[in-house]
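Reviewing the structure listed below.
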Amino acid sequence: KEEDITQYRVSISDFTMYFPRITLNTGSPTRDQVFSYTSWKTLAYTHQSGQSNFKKDLAIGETLPQKAIVVFMPEKQYNGSWSTSKVKFSNCNVSNILMKCNQRHVPHMNGYQCDWKNDIFHAAYNGLTTELGAIQHPIQYDKFDDGYTIFGFDLTPNKTGNVSLDQPERGALELSVEFEPAPTENTMVIVLLIYAERFAINKAGVFTNAT
């Protein structure tokens, strides 16, 4: 079951995102001008207890996002009272997670491999910075494995992130997750897809399609 929760409370409220503000000058432009902005869509899926693998097509034959963020939490917490239950992103025994973007493996062929019992999750932690193109992120290392387990993916063809000037890519996007051991309770898989949108204004002041 896929649920679009973009308009609801679980749109990664504990992970602060900054989006550019669009400013238009008054008067008619003297030339064609292109403006960019960020849009996003949040999807939620239920992974059944006792299952070791989760695979989902996030997009087929449509414009693809430039970035993605994936988090996990127990279903009972997701459905709990917002006033009494703080959102807590858990590792939920994720042992491997990767994206396939038009058959490209992101972040690489082996994905993020994690061994939580032995504190082996450095690639996933560092990937939150490198994949999202941030200088740093506010999550402490000792909080990443339980409470702020957030996986980041740069889906652009040339790993250019939010500075990409390429035309939006179209095609297929697939999420694949392995759990070891399999969760003993239903788990929510929440995916934030981040898109780079563009529009243009011509000399006559008319909005046109920048792509």
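Derivation of every value follows stated rules applied to the coordinates shown; laboratory data play no part. Just so you know, these numbers come straight off a predicted model, no measurement behind them.
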Table column - 3J(HN,Hα) (Hz), region 109-121, Karplus curve with 6.51, -1.76, 1.60, x for Gly and Pro = 4, 8, x, 8, 9, 10, 10, 5, 5, 9, 6, 10, 8
Past 22 Å, Cα to Cα, is the threshold; run LYS41/LYS100; LYS76/LYS117; LYS67/LYS117; LYS100/LYS143 against it and keep the listed order.
-> LYS76/LYS117; LYS67/LYS117; LYS100/LYS143
Want the number for ASP119 to ASP57: 0.36 nm per residue separation, take away the alpha-carbon distance, what's left?
-> 19.3 nm
